[in-house]
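Taken together, the values in this text are just the output of simple stated rules run on the coordinates, not laboratory data. As the structure is a computational prediction, the values presented were derived from the model and not from experiment. Here the Cβ positions follow ideal geometry from the backbone for every residue, glycine too, while neighbour counts run over all protein chains shown.
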Ligand SMILES: C[S@@+](CC[C@H](N)C(=O)[O-])C[C@H]1O[C@@H](n2cnc3c(N)ncnc32)[C@H](O)[C@@H]1O
Ligand code: SF4
C-alpha cells in the first residue's frame with residue numbers, strides 16, 4: 001500500500017492524541033475467557049523473561065465536571081453508584097487473581113478521574129481486596145492520585161496503611177477566580193493540610209500537577225501560586241498546559257481561547273520552568289521535574305522503557321500483555337451482565353513499534369532497542385526510516401535515532417508511519433478515507449490551538 005502524509009493525517013484525525021500504539025479505535029470484541037487465556041500464556045512463558053507487570057485501577061467518576069477538563073468522566077449521581085462499582089471491580093479482581101497467584105507485581109497505580117472520591121470504608125475495601133488477592137514486590141511503588149477537595153486526614157492514613165508510597169495532588173491552579181469559574185473547591189488551608197498529613201504519615205513522595213493558563217488564570221497570581229507551592233517542597237512537579245479541546249466544557253460552552261491566550265500559556269510555561277529550575281528541580285527523562293529520584297512515576301517510566309505489561313481495571317482503560325494482546329473493557333455501570341471486552345491483535349513488529357512511538361519525539365539508542373527486542377532495527381524498519389528521511393524528519397547520529405520534530409503536529413503525524421500496514425488499512429476503511437480531501441490541512445487546523 002502506498003503511504004503518504006494525507007493518509008497519516010487521516011489516521012491522526014481518527015485516533016487519540018495520547019499517541020499510544022496500537023490505537024484503541026480499531027478494537028474488536030473478545031470474550032473474557034480468551035483474555036484470561038492470554039494472561040495465562042504470558043505468565044507461563046514471557047513473564048519470566050520480562051518480569052514487568054503492574055496493576056492499575058481506574059475510577060471513572062467525579063463529583064462534578066470542571067470547565068477545563070477534557071476527560072470523559074461520569075458524574076456521581078446516586079449514592080449507591082460507587083458501592084455498585086466497587087462490588088463489581090472486586091469481582092473482576094477476584095476473577096483474574098488466580099492467574100497471578102505465583103508472581104509478585106511490580107507496582108500499583110490509582111489514577112483518573114477521581115480515585116480519592118471514595119469514602120473511608122470504600123477506600124479500605126478496595127485497597128484491602130487488592131492486597132488480599134495480589135502479591136507485590138517489596139519495593140513496589142503504590143501511586144495514588146488525589147483531588148484536593150476530596151481528601152481528609154483519615155483517607156491519607158488509610159493510604160499509608162495500605163503502603164501507598166507516592167501521592168499526586170492535582171492542584172491545577174490556586175487562583176480564586178479560576179477555581180470559581182472552573183468549578184473547583186480547594187483552599188490553601190486544605191492544600192497545606194494535605195501536605196502535612198502526607199508527611200505526618202511518612203508517605204515518601206509528593207508529586208503535583210499544575211496547568212499553565214487554565215481558564216481565568218493570570219500571570220501574576222500564577223507566579224505567586226507557584227512560588228508558594230514550591231515552598232511546600234513537593235518532590236516532583238508536572239506542568240500540563242491547558243488545551244481547549246472539543247471535549248472540554250470550555251469549548252462546548254463557546255468560550256474562546258485567543259491567540260493571546262496561547263501566547264500567555266506558552267510564556268507562562270517557560271517562566272514556570274525557569275522558576276522550577278531555579279529552585280533545584282531537575283528534568284528527568286521520561287517523566288518531569290524532580291528533586292528526589294524515588295519520586296518519579298515508576299509505572300509510567302516502565303511503560304516507556306520496558307514495554308511493561310499492565311493489568312488495568314476498569315473501563316475504559318487498556319491492559320497490555322507484552323508480546324501478546326492489548327485489550328480494554330467497556331462497562332455499562334447499570335447493567336451488570338454487560339461487561340464488554342475489546343481487543344487489538346499484536347504482531348511481533350507491533351510491540352516494537354509501541355516502544356518506538358513512545359520514544360519518537362525524544363529519540364532512542366538503536367543498540368539498546370536491538371538488544372531489547374533481538375532485532376536489526378535499521379533492516380526491519382528500513383521503509384519507515386526512508387520515509388522519515390525523505391521528509392527531513394530523521395537524523396541518525398551514530399547509534400542514536402533522533403527526530404527533528406518541532407511540535408505536536410509533527411510528532412503525531414510522523415509517528416503514524418510506525419503503524420502496521422494492516423492497522424493502517426483497518427483505520428482507512430473503518431473511517432472511509434477519501435483521497436480527494438486534504439486531511440493534512442484539516443488536522444493542522446484541529447491542532448492549531450495545541451501547545452508545542
Ligand atoms: C484525568 S485528569 C484528573 C484531574 C483530577 N481529577 C483533578 O481534580 O484535577 C488528569 C490530568 O489530565 C490533564 N488534563 C485534563 N484536561 C486537560 C486539558 N483540557 N488540557 C490539558 N491537560 C488536561 C491534566 O493534567 C490533569 O491533571
Ligand atoms: S479535572 Fe478531575 S475532577 Fe474535574 S472533571 Fe476532570 S477528572 Fe473530574
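Quick look at the values:
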{"read-out": "Alpha carbon convex hull of the chain, volume per residue in cubic angstrom", "value": "154"}
{"read-out": "Compactness index (Cα Rg / 2.2 N^0.38 Å), region 270-322", "value": "1.50"}
{"read-out": "Residue-averaged 222 nm ellipticity for the chain, from DSSP H runs of 4+ at -39500 (n - 2.57), nearest 500", "value": "-12500 deg cm²/dmol"}
{"read-out": "FRET E, pair residue 383, residue 292, Förster distance 41 Å, beta-carbon r, rounded to 0.05", "value": "0.40"}
{"read-out": "Relative contact order (%) - the chain, alpha-carbon pairs under 8 angstrom, separation at least six", "value": "21"}
{"read-out": "Sites residue 199 and residue 51, calculated FRET efficiency, Cβ-Cβ separation with R0 35 Å, nearest 0.05", "value": "0.60"}
{"read-out": "Reciprocal mean inverse distance between Cα atoms of region 219-258 - Kirkwood radius, Å", "value": "12.6"}
{"read-out": "Residue-span extension gain [residue 94 to residue 120] - 0.36 nm each, minus C-alpha spacing", "value": "7.2 nm"}
{"read-out": "Length added when fully stretched, residue 446-residue 404, from 0.36 nm per residue minus Cα-Cα", "value": "12.9 nm"}
{"read-out": "Residues residue 285 and residue 397, FRET efficiency given R0 of 22 Å [Cβ-Cβ distance, rounded to 0.05]", "value": "0.80"}
{"read-out": "Taking region 148-235 and dividing mean pair separation by its residue count, relative contact order in percent (alpha carbons under 8 Å, at least six apart)", "value": "41"}
{"read-out": "Inter-label distance for residue 40 and residue 330, nm, one decimal - labels placed 7 Å from Cα along Cα-to-Cβ", "value": "2.8"}
{"read-out": "Sorted peptide list for 384-396, 195-207, criterion being average Cβ within 10 angstrom, highest first", "value": "195-207, 384-396"}
{"read-out": "Chain lengthening between residue 137 and residue 375 when straightened (0.36 nm per residue, less Cα-Cα)", "value": "82.6 nm"}
{"read-out": "Per-peptide average of other Cβ atoms within 10 Å, ordering 49-61, 116-128, 365-377 highest first", "value": "49-61, 116-128, 365-377"}
{"read-out": "Where labels lie 7 Å past Cα in the beta-carbon direction, separation of residue 128 and residue 180 in nm", "value": "4.4"}
